[in-house]
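Notes to accompany the following structure.
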Amino acid sequence: MTTAIAVKDVTKTYASGAAAVQALAGVTMAVSHGEVALLMGPSGSGKTTLLSIMGCILRPTSGFVQVCGRDVSGLSEAKLPAVRLQHIGFIFQGFNLFPTLTAGENVELSLDLKGVRAGLAKSRSRELLDAVGLTKKYDSFPADLSGGEKQRVAIARALAGDPQVILADEPTAALDSHSGRTVMEILRTLARQRDRAVVLVTHDNRLLEFADRIIRIEDGKIMPSPIPYEATISGADAPDYSSINPTPHG
Amino acid sequence: MASLAWRNLFHDKVRFAVTLTGVVFAIVLIVVQLGLFIGFTTTTSNVIDHSNADLWVVSKGVQYFDAGVPVSERKLYQVMSTPGIIKAEKYIVRFSRWKRPDGAEENVIVIGFNPDTSMGGPWNLTVGHVKDLKAADTVFIDEFYREKLGVTHLGQVVEINGYRARIVGYTRGIRSFTTSPFIFTSFKNALNYGRLINEDQTIYIMAKAAAGADLAKLKRQLSARVTNVDIFTTAEFSRSTQFYWMLTTGAGIAVLIAALMGLIVGVVVVAQTIYATTMDHLREFGTLKAMGAPNGYIYRVIIKQAIMSAIIGYAVGMAISAVVIRISQKGGAAIRMPWPMAVAMFGLTLAMCIGASIVSIKKVTTIDPAMVFKG
Ligand SMILES: Nc1ncnc2c1ncn2[C@@H]1O[C@H](COP(=O)(O)OP(=O)(O)OP(=O)(O)O)[C@@H](O)[C@H]1O
Ligand SMILES: [Mg+2]
């Protein structure tokens, strides 16, 4: 397995007025192609910050970021959009679909950004919506879709540019458990079959079974060994989740 | 795929209607005010522009058509004998009093020209011939002023400055900028109708130059020969007259200010609605940025919205303006929209809408794509 995305010694300090907040205090981690990594930790621990830095949306205060073998830490602000466009697909808790565009057009927009011409974008967008089981919703507006459907459109959109890395911040938090599972299965299949790296932030223990690896973060630091949520609460010995072989879900 | 700009623009129909109203309102306001300005401006120099003359010899210091001062007719011969001048005529433009059949009096401007020449006479004749003015005591008036002057029929006899005058023809669309109508008559009659003018005097001398003559050179030669006069080319006299009425009297300034206000109101309304639309879609623009769209891509979306608003607003605004202009032609005001102005209006509308979107573009530049992860 080759490394898709890696950060090394990354720190992030938010300078908010007089008080500076250190959100990340030296984080080193890597996620490989074909891997689903869960980023877990208490509120305010720096998960979103880390995800934003990996996604080249935020620049670290110090440290290195490597995306698909390319060191992007030294890139200027103006060059980062191109890295995002080429390598990274984002999925958001709030879906962030364009309400004035249909499901199909939301996906096409992403292709348009990449410079795919309209005719091709149309057929690609149909394929992508087919792949997430929304063949019939091509012409529906986001307002007429359920939460789960919206998130699947968002996934189709994130995949439109065929990125190597998918970053998702609490993608299932706004969904019922059934929709959440559907979304997770799509992401896992993507990692398995298409060898993509998937990093997702979650608070939801029910997603543990979909993970190849769990990265725990607290106070801006990665915990040395992955500890399941229950273990921290009960204080019991932590089972080694890194060796978990997730069972395919039917 | 329908573009994002298009969808954003039309998604909220009410907001789009407001944007459109702003653009249309501004366009109609500007067209009407500028059209009035152009209409007034051309009206002030109407007779000069239709005079067929090349050069005007006026008493020293005269700046505009309606305020000529008598000069000796001897200057006519000095003008005629200047090499390069092929024809010169005396020309009277003079305020006078017109007595309506009911006894009421109106101010008029008597224009006396030589009916044997093609210089300085009436045009757009609807009834009668210029030659009819060779008969004694005959005048032409414009149809537009018939009521004002109390004229009910052709051949009617009225009094101008105490002298008999018979209406032998009508023109259409020859309006004067002041409230005093033009009365076309022969130079001879005008000596009676125009007040305070002696037989051996004229107000203007109009001259025709030989074909291909250098007017600037002719002007210099005339200045050297004829004393105590100013020499204008027809274009110069026209401009000088327009300048006087539109700028010196302030009549034009008010109209221009109104046009400017139309522009400002338009920019503000359009800016406000485009800005509101942008604010509505801020999260989406943030998402676009997160997805890797460069700022330029988002600017294009916003500018496209502005251009679409401009095009639709222009079409509707011009249609309404055309109706307003049509209506105005029946009334006293002459709103004019020559085609270069219509073209310029399109440019102005585009500039207005794009200018109005600059605030939005500035706003978008400041969007932090990290916002997309915030609830
Ligand atoms: N833009 C910002 N300016 C200042 N401080 C910030 C900013 N964003 C985050 N922080 C602070 O940085 C720390 C980490 O925030 P972050 O959003 O990464 O946490 P998180 O793990 O995603 O939390 P949650 O689970 O609640 O989403 C917090 O203390 C937060 O208050
Ligand atoms: Mg977070």
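Readers should treat all values here as calculations from the given coordinates under stated rules, not as data from a laboratory. These figures come from a predicted structure and were not determined experimentally. As a convention, Cβ positions derive from the backbone with ideal geometry for all residues, glycine included, and neighbour counts pool all protein chains shown.
The angle between the Cα long axis of helix B:215-225 and the main principal axis of chain B comes to about 40°, on a 0 to 90 degree scale. Multiplying the residue separation of B:ARG74 and B:ASP116 by 0.36 nm and subtracting their alpha-carbon distance yields 13.1 nm. Taking Lys and Arg as +1 and Asp and Glu as -1, the other residues whose beta-carbon sits under 13 Å from that of A:ALA156 total 0. Between B:ALA315 and B:VAL127, the FRET efficiency from the beta-carbon distance, with R0 = 41 Å, is close to 0.55. Counting, for every residue in B:279-289, the Cβ atoms of other protein chains within 10 Å of its Cβ and taking the mean gives 4. Positive end of the dipole of the protein assembly as shown (Cβ unit charges, origin at the Cα centre): among A:SER177, B:VAL168, A:PHE92, the Cα lying farthest that way belongs to B:VAL168.
With r as the distance between the Cβ atoms of A:THR135 and A:ASN205 and R0 = 30 Å, compute the FRET efficiency 1/(1 + (r/R0)^6) and round to 0.05. FRET efficiency, A:ASN205 to A:THR135: 0.40. With 32 Å as the limit, the listed pairs A:LYS8/A:LYS122; A:LYS114/A:LYS136; B:LYS188/B:LYS208; A:LYS79/A:LYS137; B:LYS304/B:LYS330; B:LYS148/B:LYS208 have A:LYS8/A:LYS122; A:LYS79/A:LYS137; B:LYS304/B:LYS330; B:LYS148/B:LYS208 beyond it between alpha carbons.
For the range B:61-227, a simple Cβ point-charge model (Lys and Arg +1, Asp and Glu -1, everything else neutral) yields a dipole of about 480 debye relative to the Cα centre. Taking the three principal axes of the alpha carbon atoms in chain B, the coordinate ranges are 94, 51, 32 Å, sorted in descending order.
As a size descriptor, the averaged projected area of the C-alpha convex hull of the range A:1-97 was calculated at 7.3 nm². Evaluated over the Cα positions of chain A, the convex hull gives a direction-averaged projected area, one quarter of its surface, of 14.4 nm². To the nearest 10 degrees, how steeply does helix B:13-44 sit against the main Cα axis of chain B, on a 0 to 90 scale? It is inclined by approximately 20 degrees.
Per residue, the average separation of C-alpha pairs within less than 8 Å and at least 6 apart gives chain B a relative contact order of 29 percent. Look at the dipole of chain B built from charges on Cβ: of B:ALA293, B:THR179, B:ALA135, the Cα furthest out on the positive end belongs to B:ALA293. Close amide-amide hydrogen proximity is noted between B:ASP142 and B:THR171, each under 5 Å apart and 5 or more residues distant or on a separate chain (H modeled in the peptide plane; Pro and chain starts excluded). Loop-resident trypsin sites (Lys or Arg not before Pro) (DSSP state other than H, G, I, E or B) in the range B:50-118 with no more than 13 further Cβ atoms inside 10 Å of their Cβ: B:LYS60. The mean number of Cβ atoms from other chains found within 10 Å of a Cβ in peptide A:50-60 is 3, as a whole number. Averaged over the residues of A:89-100, the number of partner chain Cβ atoms lying within 10 Å of the residue Cβ comes to 6. Values of log10 I(q)/I(0) for the protein assembly as shown across q = 0.05, 0.06, 0.09, 0.12 Å⁻¹ run -0.46, -0.56, -0.78, -1.14, by the Debye formula with one identical scatterer at each alpha carbon and no solvent. Full extension of the chain between B:ARG172 and B:ARG225 yields a length gain of 15.2 nm, computed as 0.36 nm times the residue separation minus the alpha carbon distance.
Taking label positions 7 Å along the Cα-Cβ direction at both B:VAL324 and A:ASP195, the computed distance is 6.7 nm, reported to one decimal. Treating the angle as unsigned and between 0 and 90°, give the value, to the nearest 10°, between the Cα long axis of helix A:118-131 and the longest Cα principal axis of chain A. That works out to roughly 60 degrees. Sorting A:CYS68, B:CYS353 by the number of Cβ atoms found within 10 Å of their own Cβ, with the fewest placed first, yields A:CYS68, B:CYS353.
Semi-axis lengths, largest first, of the ellipsoid equivalent to the range B:61-227 are 30, 16, 14 Å, with √(5λ) applied to each eigenvalue of the Cα gyration tensor. Among the lysines of the range B:19-110, pairs that are 8 or more positions apart or on different chains and have alpha carbons within less than 17 Å of each other number 4. The Cβ shell under 10 Å around B:GLY292 holds other residues with a net charge of +3, Lys and Arg each +1, Asp and Glu each -1.
Here the spin labels are modelled as points 7 Å beyond Cα on the Cα-Cβ line, and at B:ALA235 and B:MET261 they lie 3.5 nm apart. Between B:THR152 and B:TYR299, the FRET efficiency from the beta-carbon distance, with R0 = 51 Å, is close to 0.15. When the charge dipole of the range B:69-162 is built from unit charges on Cβ atoms (+1 for Lys and Arg, -1 for Asp and Glu) and taken about the Cα centre, the candidate among B:PRO101, B:GLY121, B:PRO70 whose Cα reaches farthest toward its positive end is B:PRO70.
Projecting label points 7 angstrom from Cα along Cα→Cβ for A:ASP176 and B:GLU159 puts them 10.0 nm apart.
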